[in-house]
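**Q** The structure under discussion is supplied below as structure tokens; questions concerning it will follow.
The values are calculated or read from the model by the stated rules, or taken from the named source; none is laboratory data. Please read all numbers here as calculations on a predicted model, not as lab measurements. Don't worry about glycine lacking a Cβ; one is built from the backbone with ideal geometry, like all the others, and counts go over all protein chains shown.
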């Protein structure tokens, strides 16, 4: 855990809750290493109205109702919305007892909210994004002057070697809005991609459920219920428990040493018949193009779960 004397890292969190986004939000709020400046929502796991409602429900429930939330893009930048399927129709199935929020989002669109927050701070700010990059891509188009204000973008997305959740080698966040991903990759923003190569190694299986069962609190039981629903797609389609995709991306703000990463030039396939939305890495400079991202390719799963459970225990 982080020392109480350590200065927390201010972050802006762009997400599409989603069960794993929800757990990442809990971790961000509960970690003394993170200062959550604001949350923006995008379409992806569900429609924007639902992902925004889910973000508000989660934040109010965990006592973070003062964190401003701004709703963003209702569809990808250049194509119709294809919804994720792991989280159910509401995006947060499995917890019907979670109250609807009494708090409301701010009136600004997420893109303008992000620009204002970034420009208001003297130092560049870390942005964590755990959904399709609709908001971030539009931010860079509409407000290109904010580029120097983004210290790092930690994005949960992409897949390069391991079995995928859509069609190998395509990952959902990339598949949902590949044009936005292309804009971000071409922008020069420092990017760390936390993709399925590492997130499919942080799986909630019997040992993790046993540890979670020891956290006999309302929050612990809520997270357990989320995970029981969330793992259905993983178990049925891939034979494994739920992967902690988004919590791992958030965890890198707290402890960057949880993963090892290597630089590469990343392209995204916008026209392939079989590989549409695929992220393609050139690790060896074969195309003569400059590296534009760091790809997480190894993870210490045991330390990640230790961190996650410590934060859930509070």
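**Q** Does the range 60-74 contain at least one residue that is in contact with a helix residue (DSSP H, G or I) (Cβ under 7 Å, 6 or more places away or on another chain), touching a residue at least 12 places away in the same chain (Cβ under 8 Å), surrounded by fewer than 24 Cβ atoms within 10 Å (Cβ to Cβ) and over 21 Å from residue 156 (Cβ atoms)?
**A** Yes: the range 60-74 contains one or more residues that are in contact with a helix residue (DSSP H, G or I) (Cβ under 7 Å, 6 or more places away or on another chain), touching a residue at least 12 places away in the same chain (Cβ under 8 Å), surrounded by fewer than 24 Cβ atoms within 10 Å (Cβ to Cβ) and over 21 Å from residue 156 (Cβ atoms).
**Q** Being buried (at least 24 other Cβ atoms within 10 Å of the Cβ) and touching a helix residue (DSSP H, G or I) at 6+ places or on another chain (Cβ under 7 Å) is the filter; apply it to the range 160-183 and report the residue that is modelled with the lowest pLDDT.
**A** 171
**Q** Also, I was wondering about something else. Of the residues 57, 75, 104, only one is over 16 Å from the mean Cα position of the chain (by Cα) and farther than 30 Å from residue 218 by Cβ; which?
**A** Within the list 57, 75, 104, the selection yields 75.
**Q** Now, a different point. For the range 13-36, enumerate the residues that are under 16 Å from residue 156 (Cβ atoms), out of contact with any strand residue (DSSP E or B) (no Cβ under 9 Å at 6 or more places or on another chain) and either modelled with pLDDT of 95 or more or assigned to a helix (DSSP H, G or I) (or both).
**A** Across the range 13-36, the qualifying residues are 19, 23, 26.
**Q** Hey, any hits in the range 37-49 for a residue that's out of contact with any helix residue (DSSP H, G or I) (no Cβ under 8 Å at 6 or more places or on another chain), touching a residue at least 40 places away in the same chain (Cβ under 8 Å) and not in a loop (DSSP other than H, G, I, E, B)?
**A** no
**Q** Kindly establish whether residue 88 is under 19 Å from the mean Cα position of the chain (by Cα), within 30 Å of residue 278 (Cα to Cα), buried (at least 20 other Cβ atoms within 10 Å of the Cβ) and touching a residue at least 60 places away in the same chain (Cβ under 8 Å).
**A** No: the conditions fail for residue 88.
**Q** For the range 212-249, name all the residues that are surrounded by fewer than 17 Cβ atoms within 10 Å (Cβ to Cβ) and more than 23 Å from residue 96 (Cβ to Cβ).
**A** 214, 237, 238, 239, 240
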